[in-house]
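Chemist: This is the structure I have questions about; it appears just below.
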Amino acid sequence: MKKSNKKKYPVWLKILIGMFLGIIWGLIATRTNLENFTTDWVKPWGMIFIKLLKLIAVPIIFISLVKGITSVTDIAKLSRIGLKTLGLYVVTTAVTVVLGLLVVNTFKPGESFSEEKRRELQEVYSTSAEEKQEVAGSVREQSPLFFFEDMVPDNIFKAAGDNTKMLQIIFFAVLSSIAMILLEASKVTVVHNLIDSLNEIMLKIVDLIMAFAPIGVFALLSALITDFAGDVQLFVALGKYAFITFFGIVAVLIVFYPLLILLFTKTRIKDFLNAIFPAQLVAFTTSSSAATLPVTIKQCTTKLGISEGVANFVLPVGVTINMNGSSFYQAISAVFIAQVFGLDLSITQQLTIVLTATLASIGAPGVPGGAVIMLVIVLGSVGIPAEGLALILGIERPLDMIRTVANVTGDATVATIVEASESKNNHN
């Protein structure tokens, strides 16, 4: 029996092909009066893709969060290292989210559309826009503490059925994780095993959904092109978005991380960058923090002199809960999509993006495409139409490559800082 010589193409290449074919079909449809055909027979496949992403948003954030937080089982034994690690990861992630918001609000890549085109988009997604405005209005009418009050669900099952209540799901996941950590290990062994199994199932579902992504991207982009009659403004906005996202993450790599190394360690920046470069290459080519972990550990222990105890604790935890590059990308993407749709986000909503992106990063799978799932959560938290993903999925892969480099570099940065802190304590 002969083996099949059929070449298997990577998903990212298929997505790019789907994007280009979607553009071509959209342009053809606008010139051959096939707009209605596209709306009736092509666009639904894109909506199915969006629904699949929404479908797993709640379970994946809950399961991944619980797994990520409870994986810090050594926090009782290594409480000092554990608290430093978690604190640094949360702070650096929050800072990168804020930086992302500053960049996107400064350069406004989504405002390349004319007011006429923006009104067209608002009409297309009028329902989502109205819902967002209602939510924003209700928040402004409440007390200053409403933001925190709304984080606590009164019915977790009701919250689980509403993708705009992601902060409530995250709150319940964090509460459940803390309870599991405080209980004796023997009493939660079954739950740990269940969470591990469910996490593997979720990752496999992500793989299946991403396999459908080329069709979804083709359908969504085809519909978007026909909606705008092939308007070039769409591509100008997308080009600006890709530019500021890419160079924004590069700035995090060459400015933010080296600054942390300079301020909190005695390691020379040149030595740090040379040591972590092999791991960055692997991260760039695989787009997977998890796949890069063995290289990251090796470089940190052999080239940076980080002890195995610190490296083996800090870096694996970082793969699960530290996604600085992904969080930066989510902040820019969420506001970019809102700008394209002409939706003005209030300070409260942008604060929600900071908090949601920071906490969602704890549950972001360290695999290619994982940040897209988390972006659905961020969009839902402030009522931005998830259909806007069609704008950015076509260039998702190259941006995924560079943000994975940022994720891995962030892990190594925190590990270096923790090692420096521990060395100082030991000498004291």
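Chemist: Multiply the residue gap between Leu259 and Val190 by 0.36 nm, knock off their C-alpha separation, and tell me the result in nm, one decimal place.
Modeler: Result: 20.5 nm gained on full extension.
Chemist: Could I ask something else about it? Treat the count of other C-beta atoms within 10 Å as a stand-in for reagent exposure and order Tyr9, Tyr257 from fewest to most.
Modeler: Tyr9, Tyr257
Chemist: Going down the list Lys8/Lys51; Lys51/Lys298; Lys43/Lys67, which pairs span over 30 Å between their C-alpha atoms?
Modeler: Among Lys8/Lys51; Lys51/Lys298; Lys43/Lys67, the Cα-Cα distance tops 30 Å for Lys51/Lys298; Lys43/Lys67.
Chemist: Assuming 0.36 nm per residue, please report the length gained on full extension of the stretch Val174 to Lys424 beyond their Cα-Cα distance.
Modeler: That pair, Val174 and Lys424, stretches by 86.8 nm at full extension.
Chemist: Now a separate question. Residue by residue, what Karplus-based ³J(HN,Hα) values in Hz, rounded to whole numbers, does the range 243-255 have, using 6.51, -1.76 and 1.60 with θ = phi - 60° and x for Gly and Pro?
Modeler: 5, 6, 5, 4, 6, x, 5, 4, 5, 4, 5, 9, 10
Chemist: Could you please rank Ser112, Ser289, Ser327, placing first whichever residue has the fewest other Cβ atoms within 10 Å of its Cβ?
Modeler: By the 10 Å Cβ count, ascending: Ser112, Ser289, Ser327.
Chemist: Moving on to the next point. Along the Cα→Cβ direction, 7 angstrom out, place labels at Phe212 and Asp344. What is the inter-label distance in nm?
Modeler: 3.8 nm
Chemist: Another one. For labels at Leu351 and Thr39 in the simple 7 Å Cα→Cβ model, what's the distance in nm?
Modeler: Output for this residue pair reads 4.1 nm.
Chemist: Run the numbers for Lys158 and Ser307: contour at 0.36 nm per residue of separation, minus the present Cα-Cα distance, in nm.
Modeler: So the extension gain works out to 49.0 nm.
Chemist: Excluding Ser421 itself, calculate the net charge of residues whose Cβ lies under 13 Å from the Cβ of Ser421, where each Lys or Arg counts +1 and each Asp or Glu counts -1.
Modeler: Around Ser421, the charge tally is +2.
Chemist: Another one. Sort Thr92, Thr404 so the one with the fewest other Cβ atoms within 10 Å of its own Cβ comes first.
Modeler: Thr92, Thr404
Chemist: Kindly state, to the nearest 0.05, the FRET efficiency for Ile17 paired with Glu111, given R0 = 25 Å and r defined as their beta-carbon distance.
Modeler: That pair, Ile17 with Glu111, gives E of 0.25.
Read-outs: derived from the displayed coordinates by stated rules, not from any lab. Given the structure is predicted, the values throughout are model-derived calculations rather than measurements. Heads up, the Cβs are rebuilt from the backbone with ideal geometry, glycines too, and the neighbour counts pull from every protein chain shown.
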